1. For labels at Val231 and Leu550 in the simple 7 Å Cα→Cβ model, what's the distance in nm?
2. Around Tyr567, which amide H atoms from residues at least 5 apart in sequence, or from another chain, sit under 5 Å from its own amide H, with H modelled in the peptide plane?
3. Compute the FRET efficiency between Thr189 and Val162 as 1/(1 + (r/R0)^6), taking r as their Cβ-Cβ distance and R0 = 22 Å, and round to the nearest 0.05.
4. Under a plain spin-label model, where a point goes 7 Å from the Cα along Cα-to-Cβ, how far apart in nm are Ile562 and Asp244?
5. Just the accessible area for His369, please: 1.4 Å probe, Å², rounded to the nearest 10?
6. Round to the nearest 10 and give me the degree value, 0 to 90, for the angle of helix 584-598's Cα axis relative to the longest principal axis of the chain.
7. For mean projected area of the Cα convex hull in nm², several values are listed as [x] 38.5; [y] 34.4; [z] 36.4; flag the one computed from this structure.
8. Less than 19 Å from a label point 7 Å out along the Cα-to-Cβ axis of Lys213: which backbone N atoms in segment 456-499 qualify, by residue?
Amino acid sequence: MEKEPLPTDDDKTEVNGYTGEESQQASSEPPARAGWNSKIEYFLAQVGFSVGLGNVWRFPYLCHQNGGGAFLLLYVMLMLVVGIPLFFLELAAGQAIRQGSIGVWRYISPRLAGIGYSSCVVCFFVALYYNVILAWSLFYLGNSFQHPLPWNQCPEQGNLTVKECEKSSPTSYFWYRKALNITDSIDDTGSFNPYIVCCLLAAWTIVCLGMFKGIKTSVKVMYFSSIFPYVVLICFLVRGLMLDGALEGISFMFYPKLEIWADLQVWRQAATQVFFALGLGFGSIIAYSSYNPKNNNCHRDAFTVSAINFLTSVLATLVVFAVLGFRAKGKVMECVVRNMNELSEQFHSGHVDENLMPNFNYSIPSSVHVQRYRAWFKEHGNNVPGNLTDCDLEQEMQKGVEGTGLAFIAFTEAMSLLPGSPFWSALFFLMLLNLGLSTMFGTMEGILAPLTDRFKTLANNKTKLTIFSCIIGFLIGLLFTQRCGNYFVMMFDDYSATLPLIIVVVFETFSVSWLYGADRFLDDIEAMLGWRPSVVYKYLWKYVCLLSMLGLLGATTIRMFIKRPTYMAWNQAMASEEHLPYPGWALAVLALLIIIAMMPVPVALVHAVLKETTKKISRDTENGEYSMVSTDDKCDTPVTEMTEVEQRSRTFASFS
């Protein structure tokens, strides 16, 4: 059966190539929606969605842990051969069909509609925990308007310093005890944290107000939320480069370790970061591009947005390691001074031979160079009695530089050392809030746009749907405001989106390149843009991207089965973090989340097959009620002239 044609520019009245309203389509099509007012708005939306918290606290950690400059080269290579082609695929599909994720895959084939529904489910899971991070940022932002900062020093009970804080650090204590009031394990749920509940309500309220009238209101907020983080990052970079230890931090960051390429784990992490950095599989890319005019150069957009995303990650990495280098240098100098003082005491008490003493001037410990101390310690440190330690700058930089540990522990500690620390703290958490908001708008659009495209009732009540979605998100999000809520955030972040999103992109790539046909898809893009993209995309989609995604899926799955999933817990008695295995019930929840996210794919497939079978049986039954009548009368039926609408339908009916 021939499908309906692709929407054409004739179906839409445009002003200046971007703004306009689509005419009412056939009954099977969703109501039309307005487009972007300008290309700038579209770029702000796409960049705002793809550039998020992961660029600030995930990419720098991966780059540092996996070979520095060598990881950058690997990341760029995977971005070019996997990330950009898949990004281009989603942009082209959304722009050609002008539907959300459900409508796009349903238009290609009703059997593929489940891919879009799975994208919506994953977006919902991500929105649930992502907004909790915004709530944490709001909490820290509110506490930043104090001098000194509340995490600058340990609190006292009576005349004694709180032991938990004394054993760890003021920033760790404030994060785990004041902000989260965390339990020792995920099994101990604890009560709700009233401060975080209020902040979560505020975060969902901001998101709801930003999405109230769809992209027309969210894009107004994005003018600030997408641009402001770059202003802050540049300010931090300029200030960071002026700090002692900044250059050491950056040099450690970019020092290439090419031998790391032999580790498959590094390839898996680089591919995963490319995958999530661009926001593939969420449906948000498709939703945003569906508001574009048909002749928009989505090929150029794919390269531009990807380049901005990568450069933002590099900029954030420079900022992070300039500031962390300053923090680490301070810690290491404290270590050197402490060791030199102890060495002097040991020497004056006659416990250390004079031949073991360093040949540099140690009478002023604060003037001792770290490298000279380490060279001495490596040669004589083990022969000196006492508790002397090696003061390693790189080891110090590795402490707490991943995920929430970077933003709420390591970075806050570094900022507390800066002059005017409340100002820099407020600026940093306002930046995190804006990064999270622009990503949240894209995530919510990945939920709302497909549903309103698919169901007319929801399209006619989009404002109510937006409010209802935010209310449901807040109520379910209360799970993460319990004292054990941070452990659930880690569980959702590590597992609820990873496997389902990879599977979604595998289905997308396979559907376009094999079921629909890569050549036909390139034909459609040629008809849309007026020129044909390189044939290289055909082979990238059919083989390189698909095999890479399958390899990533297999590696992630095997790793989960070989190594029992763990989470980082806070031990109050020891005042330190420890890895704990997820209990059985938590693993069951993980499995259930993955199953729920992927269930729409087989359900939609079975539903479409049954529907087709039912129609076929109905047609056969109807035909059986009539008998063929033979006649000798010859009736010549003239060929009916094809109407203009039919001609256009035949011409543009590509997705059949």
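The values are calculated or read from the model by the stated rules, or taken from the named source; none is laboratory data. Every value quoted in this text rests on a predicted model; they were computed, and no experiment measured them. Quick reminder, even Gly has a Cβ in these numbers, built from the backbone with ideal geometry, and neighbours come from all protein chains shown. Note: areas computed on protein heavy atoms with side chains; ligands, DNA, RNA excluded. Shrake-Rupley method; radii C 1.70, N 1.55, O 1.52, S 1.80 Å.
1. For Val231 paired with Leu550, the spin-label model returns 4.9 nm.
2. Result for Tyr567 returns Leu580, Tyr582.
3. Values: r = 24 Å, r/R0 = 1.09.
With R0 = 22 Å, the Cβ-Cβ based efficiency is 0.35.
4. 4.5
5. Estimated to the nearest 10 Å², His369 gives 110 Å².
6. Tilt relative to the chain: about 30 degrees.
7. Here mean projected area of the Cα convex hull in nm² agrees with entry [z].
8. From segment 456-499, the list is 459-468.
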